[in-house]
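S.K.: Have a look at the structure that comes next, please.
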Amino acid sequence: MAGQGESLHCRQSHTAEDLAWRTARLGGVAGPMSGTLHLVAVPIGNPDDLTPRARATLASVSIVAAEDTRHFATLARHHGIDTRAVSYHDHNEEARTRELLERLLAGDDVALVSDAGTPLVSDPGYRLVRAAIAAGVDVTSLPGPSAVTTALAASGLPPHPFRFLGFLPRTAAARRAAFEALARDDATLVAFEAPRRLTDALRDALAALGDRPACLARNLTKPHERYQRGHLAELIASLEGEDEVRGEVTLLIGGASDRQAATAEAEADARLLLDGGAPARAVQQLLVARHGLTKREAYALVLRLRDS
């Protein structure tokens, strides 16, 4: 997922810079009467988790840019908010950014919301924020609900350091590659995953990271909120026992221990040597001498890599 996130970041960065250049070329530089872009965190499940400040802001701005206007309409009705909303999502982000920036420069205050949680965390909005900053428009963020920190706090896993991966890649090969790249990372891993891919994602994590402690935070703040804690193999077995995996899921996986990190480094060295034609016995001896593996561990590792 890290690689996917970086490529998206790069594409958005170029677009934002291009938009900012066009804004400057057209004379669109914020003046003393320009509006403010408010990034407003909204509930992740329970509508009553909207903060009073967020409610007041959403009710007072000129327009709300929402990832899905239907989701926002439900929240707005619950809180008596009648501000006009326009869609802002992956498919119209560039064009809508231009429109919203023009309104900000003309003096309108604009609020940006996602379907749930804090804007820009795995949701659209980066282009608008970059363009607004480049044009000199004030940008402020209103804190509030986040599935990442909510799940992390109750997971029972070390809360710091942690690494947020966003949504995991859709394909098994890409998911496994993403997990393998983080095999030595001691940070708790936090990711979003679709219910239909959750079991496969856990299998990929088990194959790449080993049987680590993990937590599934499901339907956070909703009536059917549920935390499932255990090692990856246990969680896989639990999901396999469900007729159908449903609900929104935040996945948390414990970071590499010192021993896991050392084993991952030993495996990387062994793979490199074996691919280069080094004798298996010589590789085993190096693993014992350099990485502190027992002879049994070194033999098993070399055998597994050679047969894979």
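The values are calculated or read from the model by the stated rules, or taken from the named source; none is laboratory data. Predicted model only: the values in this text are computed from it and were never measured. Cβ coordinates were reconstructed from backbone atoms using ideal geometry, including for glycine residues, and neighbour counts include every protein chain displayed.
S.K.: Restricting attention to the stretch 121-131, report how many residues are in contact (Cβ under 8 Å) with a residue 60 or more places away in the chain and touching a helix residue (DSSP H, G or I) at 6+ places or on another chain (Cβ under 6 Å).
M.R.: Number satisfying all stated conditions: 5.
S.K.: Follow-up. Checking residue 89 against (1) over 21 Å from residue 44 (Cα atoms); (2) outside any helix (DSSP H, G or I), which test does it fail?
M.R.: (1) is the only condition that residue 89 fails.
S.K.: Another question, then. Being more than 20 Å from residue 164 (Cα to Cα), among the charged types (D, E, K, R) and touching a helix residue (DSSP H, G or I) at 6+ places or on another chain (Cβ under 7 Å): is that true of residue 212 here?
M.R.: For residue 212, the condition - more than 20 Å from residue 164 (Cα to Cα), among the charged types (D, E, K, R) and touching a helix residue (DSSP H, G or I) at 6+ places or on another chain (Cβ under 7 Å) - is not met.
S.K.: So, residue 285, is that one in contact with a helix residue (DSSP H, G or I) (Cβ under 9 Å, 6 or more places away or on another chain), surrounded by fewer than 16 Cβ atoms within 10 Å (Cβ to Cβ) and assigned by TED's automatic domain parsing to the domain that holds residue 169 or not?
M.R.: Judged against the criteria, residue 285 is not a match.
S.K.: Which one is nearest to residue 126 (Cα to Cα) among residues in the stretch 81-115 that are of a type in the set (S, T, N, Q) and surrounded by fewer than 18 Cβ atoms within 10 Å (Cβ to Cβ)?
M.R.: This residue is 92.
S.K.: What is the number of the single condition among (1) buried (at least 21 other Cβ atoms within 10 Å of the Cβ); (2) under 16 Å from the mean Cα position of the chain (by Cα); (3) among the charged types (D, E, K, R) that residue 204 does not meet?
M.R.: Among (1) buried (at least 21 other Cβ atoms within 10 Å of the Cβ); (2) under 16 Å from the mean Cα position of the chain (by Cα); (3) among the charged types (D, E, K, R), the lone unmet condition for residue 204 is (2).
S.K.: Considering only residues that are at pLDDT below 95 and surrounded by fewer than 13 Cβ atoms within 10 Å (Cβ to Cβ), which ones fall in the stretch 23-80?
M.R.: Across the stretch 23-80, the qualifying residues are 25, 26, 27, 31, 32, 33.
S.K.: Being at pLDDT 95 or above and either not hydrophobic (A, V, I, L, M, F, W, C) or not assigned by TED's automatic domain parsing to the domain that holds residue 188 (or both) is the filter here; which residues of the stretch 204-215 pass it?
M.R.: 204
S.K.: Of everything in the stretch 216-231, what is at pLDDT 95 or above, in contact with a strand residue (DSSP E or B) (Cβ under 8 Å, 6 or more places away or on another chain) and surrounded by fewer than 23 Cβ atoms within 10 Å (Cβ to Cβ)? Give them in sequence order.
M.R.: 218, 219, 225, 226, 227, 228, 229
S.K.: If you don't mind, another one. Go through the stretch 183-202 and count every residue that is of a type in the set (D, E, K, R) and either assigned to a helix (DSSP H, G or I) or assigned by TED's automatic domain parsing to the domain that holds residue 268 (or both).
M.R.: The qualifying residues number 3.
S.K.: Ok, one more. Does any residue of the stretch 164-179 turn out to be under 25 Å from residue 144 (Cβ atoms) and either over 18 Å from the mean Cα position of the chain (by Cα) or without any contact (Cβ under 8 Å) to a residue 60 or more places away in the chain (or both)?
M.R.: yes
S.K.: Collect the residues in the stretch 217-233 that are in contact with a helix residue (DSSP H, G or I) (Cβ under 8 Å, 6 or more places away or on another chain) and without any contact (Cβ under 8 Å) to a residue 60 or more places away in the chain, keeping them in residue-number order.
M.R.: If the condition is that a residue be in contact with a helix residue (DSSP H, G or I) (Cβ under 8 Å, 6 or more places away or on another chain) and without any contact (Cβ under 8 Å) to a residue 60 or more places away in the chain, then 228, 230, 232, 233 are the ones that fit.
S.K.: While we're on this one: Among the listed residues 104, 112, 157, which satisfies the condition of being of a type in the set (A, V, I, L, M, F, W, C) and part of a helix (DSSP H, G or I)?
M.R.: Matching residue, one of 104, 112, 157: 104.
S.K.: Okay, next question. Report whether or not residue 254 is under 30 Å from residue 152 (Cα atoms) and out of contact with any Leu (no Cβ under 9 Å at 6 or more places or on another chain).
M.R.: no
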